[in-house]
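Accompanying notes for the structure given below.
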Amino acid sequence: MDHHRACLRLGDDEVGVLRLLAEGETVVVVARRLGMSERTVRRKARSACDKVGCETTIEAIVWAVRHELF
């Protein structure tokens, strides 16, 4: 999948979760700040990974930073 199409497929929640995780926040803190459950935070991170073709959340965060999503 090309960069532009992958960026368009990531939802605001997915980008928000990745951004906060990249800032070093824990899943618990991300959940509180975004008003969602810890399970939802984990699902959003996994969904972002799947959409951009990454195996881990760290890889998805690196991908997002390289593509200037935050």
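The values are calculated or read from the model by the stated rules, or taken from the named source; none is laboratory data. Computed from a predicted structure; not experimentally measured. Cβ: placed from backbone, ideal geometry, glycine included. Neighbour counts: every protein chain shown. Ligands, DNA and RNA are excluded from the accessible area calculation, which covers all protein heavy atoms including side chains. Shrake-Rupley method; radii C 1.70, N 1.55, O 1.52, S 1.80 Å.
Selection among S37, G11, I58 by position relative to the dipole of the chain gives S37 as farthest towards the positive end (Cβ unit charges, Cα centre). Each Lys and Arg adds +1 at its Cβ and each Asp and Glu adds -1 at its Cβ; summed about the Cα centre, the chain shows a dipole of about 220 debye. Per residue, the chain exposes 64 Å² of solvent-accessible protein surface, assessed with a 1.4 angstrom probe and all protein chains in place. For Rg and Dmax of the Cα atoms in Å, computed directly from the structure shown, the correct entry in [x] 12.1, 37; [y] 11.9, 35; [z] 11.0, 33 is [z].
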